[in-house]
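Enquirer: After the structure tokens below, expect a handful of questions from me.
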Protein chains: 4
Amino acid sequence: MSARNRSAPRKRPRQERAKATVETILEAAAHVLVTSGYEGTTTKAVAERAGVSIGSLYQYFPSKEALVAMLLERFHQRALEVLADKLAPHPITDLEQEVRELVRALVEFYGVNPRLQRVLLEQAPRIGRLQVVQEIEARVESLVQIVLAQNLEFERPRNLGLVVFIIIRALRSAVWAVVVERPELIGTPEFVEELSALILGYLRPQGDRRKHSTPGVK
Amino acid sequence: MSARNRSAPRKRPRQERAKATVETILEAAAHVLVTSGYEGTTTKAVAERAGVSIGSLYQYFPSKEALVAMLLERFHQRALEVLADKLAPHPITDLEQEVRELVRALVEFYGVNPRLQRVLLEQAPRIGRLQVVQEIEARVESLVQIVLAQNLEFERPRNLGLVVFIIIRALRSAVWAVVVERPELIGTPEFVEELSALILGYLRPQGDRRKHSTPGVK
Amino acid sequence: MSARNRSAPRKRPRQERAKATVETILEAAAHVLVTSGYEGTTTKAVAERAGVSIGSLYQYFPSKEALVAMLLERFHQRALEVLADKLAPHPITDLEQEVRELVRALVEFYGVNPRLQRVLLEQAPRIGRLQVVQEIEARVESLVQIVLAQNLEFERPRNLGLVVFIIIRALRSAVWAVVVERPELIGTPEFVEELSALILGYLRPQGDRRKHSTPGVK
Amino acid sequence: MSARNRSAPRKRPRQERAKATVETILEAAAHVLVTSGYEGTTTKAVAERAGVSIGSLYQYFPSKEALVAMLLERFHQRALEVLADKLAPHPITDLEQEVRELVRALVEFYGVNPRLQRVLLEQAPRIGRLQVVQEIEARVESLVQIVLAQNLEFERPRNLGLVVFIIIRALRSAVWAVVVERPELIGTPEFVEELSALILGYLRPQGDRRKHSTPGVK
DNA sequence: AATGAATGAGCATTCATTCAT
DNA sequence: CATGAATGAATGCTCATTCAT
């Protein structure tokens, strides 16, 4: 097996039982990753939690990396589905409402098992398989960019790619930080409201700043 | 040595030579952490790069964790110094300019060795309660909060703590993401401009949104 | 695995092959302990002598300590079997003969690999409360005590527990000392005779001492 | 420095201060050996407890072994002094009383820091320097043997060397065992009484056994 | 002499991975 | 296919000892 394929799943499970095993293993892996971090995760622990032998684990995943890669891929696939729906090209009548919906979707999405997401995105070694992930991330950015391009106009020229890039990072990290450090705020309308304000304020024509006196200064 | 002290430095170097050794080790550790990640960092590699024996490393740092802890502490100490300066209470005449300055400071600060910062902060939660670090983070938030409280008034009631929390996370992760993924943008006025816009837009009286038509919709 | 379990074996071997491995490792451990002492014994040396990989050793014994603990346990188990037989409650017609038999049994028992026994018992106090071992030692003492209580009467009141305690220690250390320092005496009738005399003299009614003139003084 | 000299003290301290330092180090070593066992004793710990630098320790003792060797030597020297006194050739009028005195002396002697004695005699590696120790032990045995030879006559021929050998081992191990496992008994007359009974019974003419019915059988 | 910084061989232990059954 | 026994390179860390200051 070439090095290139280290993080590719070993084979397609044909039978139903095999599929179930794969699912069990992935769930176990997710759990162990969350509770022990990437470094603390051992294949033995995953196999034990999944209730299968270490041999069986290696039957479906040729390495620890492959396990993480599979989880990453699935996570992004799901991200894409959720967002593609919200971001499907459509006429926008109320951008404010639209952004609020998008934020709500993102909060919901990033709020699902954020600890796992952090382990996957931050601690896991940048694996070869990440190509898939990068492609998906690129597609999400591109979707958001298209929606914005079709619905916004700025008084000054702006690098829309950068704007989208910043929006996504800012939102994601804010959601993660809140979920991890201030979990009591999840689900409060206040939280979604503030994040929407962050994005909406950012998208509002920047020219405004010069038309009025500095806003909000006492 | 108790378990509590796993991440505390082992002893104070008394001679000049020893101080130099400690510095060399820390520099080497930073380098190895950046190039190999936390997991990939071995104490042997650090010692070798530092040009000292593995024994010398353990003379001053009782564990790999202690090495990271020391770097984390220094990083936060430096963070505090930089920001305390910018955030020292003072009369604010031009909030816009003020925020731009703050953003510039943060960009500069977070932009220094961001890969190291990420490794450090990723591991921070696993490292025995670094009181110093937590205190410093709290102080930074508190500084920002005080500045904002003295200079802003909002039309609707807002949870200022949450606002500050979001600002800091959003800024930090945006800076890191740009530095790591779009390094060519660092130092461009465009980048600082966009980040300032993000924060300024967020702080602008939210009531505006209702007074005008949705801004910028085609 | 908790600290409590440091000296407990790691898992039960399920396959025949595994059982054989465990036996091989224990034999190798005994050998290395005898030739190198506890401190000089390295897990690597044990594994090598056993002809297994170091990993296999740790598959069954979580630590060097556990290896010693297992040997200790087996040794005491065997001790109990040997002695329980000799000490089983039974009518005693000839105490002298009885004691001689017991001494012979003990000489035989303690004479088997006494160097290993010393290493094991020297380390015993450092090994996490080996309940099994302590229980067995207590049972041996209790057996001896019962036999004596049923067959002896003393003219003066004596602390039987202390008597038994002294007998066992005195016998054991005398046997060990002879085996280690005067191996040529093992198996001679003279040796068993002297040890029997030691015990018999001790058990003989102490009142005798006052009835006769001091015996044997020239 | 040749390998032969590893356990020889490095130099004779000329000055008073140096002598005091040596004493301090030896006391510290004794303490650490008792509390941590031979394996657990580190030269650093000894130096720290003695309040001297590790360098100073090595100024006087070229190795850890030399430290232990010195303690052993002193211990035996002291043993010899105590016993030589008791065992000095002299007319014996009351053997019983004599033995009781001897036992009392031995109990006292072996009862002084028995844990240290055990570490020194059991756990410490058999060092080259032990020649000295063996010579001293031989002298003690010889002293006891002479005393006994001059004061005892047996009805049957006995190997007096073996008798002495057994007496010394039995006493020593009984005392150690009691001090370590039943410390509450130390100093009780009962304890000395029982040990005296052990030795006296052993030395009593063995012919007695045949003259009377088995003693003490119910 | 005294200090303590520096050394590095050596040890216990882990864990991803392979392979015989 | 499943099992779990076996592997061994690699790691974190200790500690007796040396040596520069």
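Laboratory data are not the source of any read-out in this text; all were calculated from the coordinates shown. Since this is a predicted model, take the numbers as computed values, not measurements. Cβ placement follows ideal geometry from the backbone for every residue including glycine, while neighbour counts extend to all protein chains displayed.
Enquirer: Rounding to the nearest 10 and keeping the result within 0 to 90°, find how far the Cα-based axis of helix C:64-87 lies from the longest principal axis of chain C.
Expert: Helix C:64-87 sits roughly 30 degrees off the main axis of chain C.
Enquirer: Still on this structure, please answer the following. Per residue of A:193-200, count partner chain C-beta atoms within 10 Å of its C-beta, then hand back the mean as an integer.
Expert: 6
Enquirer: Still on this structure, I have one more. GNM, chain C, Cα, under 10 Å: largest mean-square fluctuation among C:Y202, C:Y60, C:Y38?
Expert: Highest fluctuation of the listed residues: C:Y202.
Enquirer: Translational D (Stokes-Einstein, µm²/s) of region D:67-108 at 37 °C and 0.692 mPa s when Rh comes from the Kirkwood sum over C-alpha pairs?
Expert: Rounded to a whole number, D works out at 285 µm²/s.
Enquirer: Ok, one more. Give the order of B:L185, B:L102 when sorted by the count of other beta carbons within 10 angstrom, beginning with the fewest.
Expert: With the sparsest Cβ surroundings first, the list reads B:L185, B:L102.
Enquirer: Kindly state, to the nearest 0.05, the FRET efficiency for A:K19 paired with D:R78, given R0 = 51 Å and r defined as their beta-carbon distance.
Expert: 0.05
Enquirer: Quickly estimate the mean residue ellipticity at 222 nm for chain C, helices only: each DSSP H run with n ≥ 4 gives -39500 (n - 2.57), and the total goes over all residues, rounded to 500.
Expert: Result for chain C: -23000 deg cm²/dmol, rounded to the nearest 500.
Enquirer: Once R0 is set to 25 Å, what does the formula 1/(1 + (r/R0)^6) return for the Cβ-Cβ distance between D:S53 and B:Q134, expressed as a FRET efficiency to the nearest 0.05?
Expert: 0.10
Enquirer: Ok, one more. Based on the alpha carbons, how large is the Rg to Rh ratio for region C:3-64 when Rh follows Kirkwood?
Expert: Value, to two decimals: 0.96.
Enquirer: Okay, moving on. Tell me the label-point distance for the pair B:S63, C:N113, using the 7 Å Cα-to-Cβ offset, in nm and rounded to one decimal.
Expert: If labels sit at B:S63 and C:N113, their model points lie 3.7 nm apart.
Enquirer: Apply the Karplus parameterisation 6.51 cos²θ - 1.76 cosθ + 1.60, with θ equal to phi minus 60°, to every residue of region C:18-25 and state each ³J(HN,Hα) to the nearest whole Hz, in sequence, with x for glycine and proline.
Expert: Listing the rounded values in order: 5, 4, 4, 4, 4, 4, 4, 5 Hz.
Enquirer: Pairs to check: C:K44/D:K44; A:K44/B:K19; A:K44/D:K64; B:K64/D:K64; A:K64/C:K64. Give those whose C-alpha atoms are more than 31 Å from each other in this structure.
Expert: A:K44/B:K19; A:K44/D:K64, as the Cα separations exceed 31 Å there.
Enquirer: Among A:V46, D:V164, which comes first, then next, by fewest other beta-carbon atoms within 10 Å?
Expert: Listed from fewest to most nearby Cβ atoms, that is D:V164, A:V46.
Enquirer: With labels modelled as points extended 7 Å from the Cα through the Cβ direction, what inter-label distance (nm, one decimal) is found for B:R6 paired with D:V180?
Expert: 3.4
Enquirer: How high is the relative contact order of chain C, in percent, with contacts defined as C-alpha pairs under 8 Å that are six or more residues apart?
Expert: For chain C, the relative contact order is 22 percent.
Enquirer: Follow-up question, since we're still on this one. Arrange the following residues from fewest to most other Cβ atoms within 10 Å of their Cβ: A:E39, B:E81.
Expert: With the sparsest Cβ surroundings first, the list reads B:E81, A:E39.
Enquirer: Strictly greater than 18 Å: what percent of every Cα pair in region D:31-100 meets that?
Expert: Percentage above 18 Å: 55.
Enquirer: So if I restrict to the alpha-carbon atoms in region A:68-205, what is the Rg, and what is Dmax, the biggest pairwise distance, in Å?
Expert: Computed over the Cα atoms of region A:68-205, radius of gyration and Dmax are 15.2, 44 Å.
Enquirer: Could you tell me what fraction of 2.2 N^0.38 Å the Cα radius of gyration of region A:20-148 comes to, as a two-decimal ratio?
Expert: Rounded to two decimals, the normalised Rg is 1.23.
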